[in-house]
Amino acid sequence: MKSPGFALCLLLLFALSVPSLEAQDTFTSPTTETVARPVIDLSAPEAVPRAKPSHDLVTVGRAESGTGITVSVKPGPASFPGVGFSPAEGAAFDLSGTGYIEVRLVNTGSQIISATLRVDNPGGKASCAGAVYLKPGASGTARAYFASPRKGAGAVDPANVAWILLFVGKNEKDARSFRIESLTAGGTPGAQAPGNPDLVRTKPPGGVMFSPSGSFDAEKQLLPRAGAQAKVDAGGKSVEVAFTGKPGQNVLLRPKQGFWDLGDYLQVTVRVKNTGSAPAAVSAQLISRGGVSDVGAPEKPIAPGTTADLVIPFIPHAPFEVLSDPQQEVLEFKKGWGVKETPGARFTSHQTNGVLLLPAEDSKPSTFQIVAVTAGMPPSKPVPAWLGQRPPAAGEWVKTFEDNFDGTALNTAVWNTYADNWWDKRVGFSKDNVLLGGGFARLRIEKRAGFHNDDSNGRATEFATGWLDSYGKWTQRYGYYEVRVKLPNVPSMFPAFWLMPDRGPKAGPKQDRTNTKAGGMEFDVFEGQSMWGPYRTTFGAHFDHYGAYHKTAGSHQYNQPDAEGFLTIGMLWLPGHISVYSMGQKRGSWDSPRVGSVQSYVIFDMLPGGFEYDPLDPA
């Protein structure tokens, strides 16, 4: 199936002039299971030799009982120490008629372990996994479902299993050990890994989260705290809330299950009525898995008998600010990418698990009715005159690059349509999936068998997508980079506009030209994930390579679209400084001597997956 794609319609780059220079997540449980059958008989003499250690830190032995395999892992630098099981030479594990592989373990060591079971078809493009968390002395099972692929992989063919891995995490200080008691296959073909019902995301129809005409379960959906009171009125048309004036009181209104998915919106309006006898102040805030939103509050206390709208914005009032340590050498890189705590900085609208009603801190006893709660869009705002014309900074600027994607042919003097794909081996880049027309460039992803980079001698792929980059053709150090873009809303898409260093041919092969060490930096002007909705993106900076010394900085942001549904996102890059903009409004900044200083090329892409993961449904 072809998605609407990822459309670009304007790319503007500037440099300083320098003299002499829709739906909800579903979770299914297994149906009636078949009788489990051994994948490997762990009581057989050949069982231990077939358990191959992944590293010299791992030792495999026979359990004292004679049934089972012991695995010991010494402390050390191995990332995924464990054991692997392969079928007999020249064959495969044929597990036809089953739905999963299951391993039963006992933690025989003194350290908590998280053990992962991974199952692969030949080539590794089809893979599934399951995990179990065990305290010392505890036993448990890890189950990997063939039809529930690992992130970035395809579903596993149970008739052709090439490799089974069982591993624990890296630990350089403590030894760990466990016993494998059984390795079996069971379940029914096509069974899916059961999901956590508490993580179900539901889009409220029409954005209506609570209304007088809707169904409401007060026992499940109302949570008064610290002595506050909340109940549905006698007619079932509103929620009655009472605050006694004691500190810490609030009332949480929740969905019936899991989260509200509000990714299609940018604000929530809570309509309340003051049912008391005196003016009273009240505010509202959204609670999400990522953090709380900014606050919606009326300009003044609400008069008795009066109704007011508490408008909660997803776009925080204060821009984010990335913090540096006192020496200005490295970021704190802790929770939240080193971002200063500001209201709404971590709110995740697609995982909204409640609306919080709060009285003023110094309020007297008060009563209110919650009349309605509705998600929607804010009114359009005028954009600054400089948007699309010049950077948002003083100085003499020169426009260094502009592409409005007019005409029907791509400017190949600037753009490449082929590159390496390090992210998802199922997907290949194809020039046929970069579409021009009507003043837009579209990156289209589709289920189409072919070869990566349209090279018949290259890797065979299941999906094709478009790619654009200027590597080896156009670079710039510092300046203002702006794009007008529309993001996809089909599941599992991961579009991005980003910059990578390019030190030029004299620096050697591409991995040396483009590495993020020694002043190099990956700038993610925006990354989107369709599971977030079409208006939320992230800004990120990655540096000091991608291994043990990888560091990051940045934050997510919400973007208000224009009348055609496009977002205009920009990044101002100056020595020691970055600012990011949305529709001409500053959304965040970072000041640090570690801001990248190497000339860079630009990239547009759209792949499946991302940091979070909605599985890609080939249908």
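The values are calculated or read from the model by the stated rules, or taken from the named source; none is laboratory data. Everything quoted here is computed from the prediction, not taken from an experiment. Neighbour counts are summed over all protein chains in view; Cβ atoms, including those assigned to glycine, are modelled from backbone coordinates with ideal geometry. These accessible areas exclude ligands, DNA and RNA; they are computed on the full protein's heavy atoms, side chains included. Shrake-Rupley method; radii C 1.70, N 1.55, O 1.52, S 1.80 Å.
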Just grab the label-to-label distance for D41 and T59, each label 7 Å out from Cα along the Cβ direction, in nm (one decimal). 2.9
Per the charge dipole of the chain (beta-carbon charges, Lys/Arg positive, Asp/Glu negative, Cα centre), the residue among G344, G276, V580 reaching farthest to the positive end is G276
Helix-derived mean residue ellipticity, 222 nm - over the chain, DSSP H n ≥ 4, -39500 (n - 2.57), to 500: -500 deg cm²/dmol
Could you run the Karplus curve 6.51 cos²θ - 1.76 cosθ + 1.60 with θ = phi - 60° over the stretch 530-539 and give me ³J(HN,Hα) per residue in whole Hz, x for Gly and Pro? 5, 5, 7, x, x, 10, 9, 9, 10, 10
How much length, in nm to one decimal, is gained on full extension between A360 and A234, taken as 0.36 nm per residue of separation minus their Cα-Cα distance? 42.7 nm
Let me know the charge dipole size of the stretch 403-528 about its Cα centre in debye, to the nearest 20, where only the beta-carbon of Lys, Arg (+1) and Asp, Glu (-1) is charged. 160
Over the chain, give the accessible area per residue in Å² for a 1.4 Å probe, as an integer. 45
Find how much the distance from D562 to K300 grows on full extension, using 0.36 nm per residue of separation minus their present alpha carbon separation; answer in nm with one decimal. 91.2 nm
Excluding ligands, DNA and RNA, the carbon-plus-sulfur percentage of the accessible area of the chain with a 1.4 Å probe reads 53
Which of (i) 1.01; (ii) 1.11; (iii) 1.04 is the computed Rg/Rh (Cα atoms, Kirkwood Rh)? It is (i)
About the Cα centre of the stretch 187-330, how large is the charge dipole given +1 on each Lys and Arg Cβ and -1 on each Asp and Glu Cβ? Please answer in debye to the nearest 20. 620
Using a simple spin-label model with points 7 Å from Cα along the Cα→Cβ vector, what separation in nm is obtained for S456 and A138? 5.6
Need the full-extension length gain, D432 to A385, defined as separation in residues times 0.36 nm minus the C-alpha distance. One decimal, nm. 13.3 nm
Here FRET efficiency (C-beta to C-beta, T202 to K506, R₀ 45 Å, nearest 0.05) is 0.20
Quick one: go through the stretch 573-617 and flag any residue whose amide nitrogen is under 17 Å from the point 7 Å out along the Cα-to-Cβ line of A518. 596-600
Taking the Cα-to-Cβ direction at E89 and at Q257 and moving 7 Å from each Cα, how far apart do the two end points lie in nm? 5.3
Enumerate the calculated ³J(HN,Hα) couplings along the stretch 457-472 in order (Karplus 6.51 cos²θ - 1.76 cosθ + 1.60, θ = phi - 60°), each rounded to whole Hz, writing x wherever the residue is Gly or Pro. 8, x, 6, 6, 10, 9, 10, 10, 9, x, 8, 9, 8, 10, 4, x
Efficiency of FRET between S215 and T307 - r from beta-carbon atoms, R0 22 angstrom, step 0.05: 0.45
Taking a ≥ b ≥ c as the square roots of the eigenvalues of the Cα gyration tensor of the stretch 228-304, is the shape rounded (a/c under 1.5), prolate (a/b larger than b/c) or oblate? prolate
